[in-house]
Structures are given as C-alpha cells and as structure tokens.
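The values are calculated or read from the model by the stated rules, or taken from the named source; none is laboratory data. None of these values were measured; they are calculated from a predicted model. Neighbour counts are summed over all protein chains in view; Cβ atoms, including those assigned to glycine, are modelled from backbone coordinates with ideal geometry. We work out accessible area using only protein heavy atoms, side chains counted, and drop any ligands, DNA or RNA first. Shrake-Rupley method; radii C 1.70, N 1.55, O 1.52, S 1.80 Å.
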Amino acid sequence: STFNARVVVTGTRFNVQAWRDAIQPQTLVSLEEGGVRLESQSDANAGSSMDAVITLLPGQTARVDQGVPLLDAGVSVPDAVSWTTGGLTLIDVPLGDALTALERRFNIDLEADPSLVLRATTYVDPEARSVEDILDAICFALNLNYRPILNGFRIEQGPTPSS
C-alpha cells in the first residue's frame, strides 16, 4: 500500500514508485511480467473502500494521482525500472520533484529558486552516473544554471537570450 493506492500482487515482476511528499504526489506501477491490480483508495493506510481498480498487463504502466488509476503510455516499463540498473527516468515531472529524486539518489543537497520548482522537466538516461551530467542536461533544456553550494548545488534562472 502507498499513501493513495494499493497494489495487489498476483504472481509477477513489477515496480512501484510513490512519494507522498512530492509536488505532484502519485503512485506509478509498471508491470514487467505476470499481473497486478492497482486499486485507488482515499487513504490506503486506513483501509478504506476501493474507489477504482485497473488490471495491468505485462508491458503496461499505470498511475494514480487524482484518485483514479489510469494507464500511462508515456512511461515505458524499461524506463520505469531503469533505476535497478543505474538509469534514471523523469518524464514530465516538476523540477522540485526531480531535484528531490536526485537528492535521494546522490545523497546531496539541491536547492532551486521557488519560481522554478513547478517547471516540468524530462530526463532519461540508462546510465545516469553523475549528478553534474544530469544537472547539465536538465539546466540546458530549461535554460537554467547551477552552481556549487555546501554539500550540493543550487539551480537558478539562466541568462535571458539576447535579441
């Protein structure tokens, strides 16, 4: 169970990602083989009744973010499980959530101007080994800069392009 969903295992190999404290809290479930049933709940930990249910087939990904589980063709199963082999996949996530994921992964501090944390970002790399390489790519795509701070980096608005 996560903060807003329950995943029922029915003999399978699958991945679950859920961060209750995210800017866009959601549960993302990707099925490699077997089967899972994803059940939306008002409060999974309180054991409340099910709001909605979806059954995944191998190769499918689904998410619960607004209370209803929906298939998500935008996240492939290989991308969703890439973290198990050192990869990183962030697809259309708020920059603040992307930075939180990087903080967890690299055990560093990342700060951003509050005006930037809601900007959507996408980053996919099957071998994401360096936080600097990841920040280079994200900052380039969003026209941002980063600079070192104690124990990490600060992300800031980049230069305004001249006309």
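Taking Cα centre as origin and charging only the Cβ of basic (Lys, Arg, +1) and acidic (Asp, Glu, -1) residues, the dipole magnitude of the chain rounds to 240 debye.
Quick one: angle between helix 131-142 and the longest Cα principal axis of the chain, in degrees between 0 and 90, rounded to 10, please. The helix 131-142 is inclined about 90 degrees to the chain.
Simple spin-label estimate for LEU118 and ASP136 gives 3.2 nm between the two label positions (7 Å along the Cα-to-Cβ direction from each Cα). On a per residue basis, the chain carries 55 Å² of accessible surface, using protein heavy atoms and a 1.4 Å probe.
What residue among SER30, SER115, SER76 shows peak mean-square fluctuation when the chain is described by a Gaussian network model with Cα springs under 10 Å? Taking springs between Cα atoms under 10 Å, the residue moving most is SER115. If the chain linking LEU70 and LEU57 were pulled fully straight, counting 0.36 nm for each residue of separation and taking away their Cα-Cα distance, it would gain 3.4 nm. In the Gaussian network model of the chain, springs joining C-alpha atoms below 10 Å, which of PHE153, PHE140, PHE14 carries the largest mean-square fluctuation? Judging by the Gaussian network model, the answer is PHE140. Mind checking which of ASP92, ASP79, ASP133 has the largest fluctuation in a GNM of the chain, springs on alpha carbons under 10 Å? Taking springs between Cα atoms under 10 Å, the residue moving most is ASP133. Working from the Cα coordinates of the stretch 6-163, the gyration tensor eigenvalues give, after taking √(5λ), semi-axes of 32, 17, 14 Å in decreasing order.
Could you tell me how many degrees, from 0 to 90 and to the nearest 10, lie between the Cα long axis of helix 95-106 and the main elongation axis, the longest principal axis, of the Cα atoms of the chain? The angle comes out near 90 degrees.
Can you tell which of THR84, VAL53, PRO94 lies farthest toward the positive end of the dipole of the chain, using +1 and -1 charges on the Cβ of basic and acidic side chains (Lys, Arg; Asp, Glu)? It is VAL53. Between ASN143 and ASP92, the contour length at 0.36 nm per residue exceeds the alpha carbon distance by 16.8 nm.
Note on the chain: dipole from Cβ charges, positive end direction compared against THR2, ALA128, ALA141; the farthest Cα belongs to THR2.
Restricting attention to the chain, close to 90% of DSSP beta bridges with both partner residues there are antiparallel.
Given H placed 1.01 Å from N in the peptide plane, which residues other than close sequence neighbours of VAL53 have an amide H under 5 Å from its amide H? Correct list: SER40.
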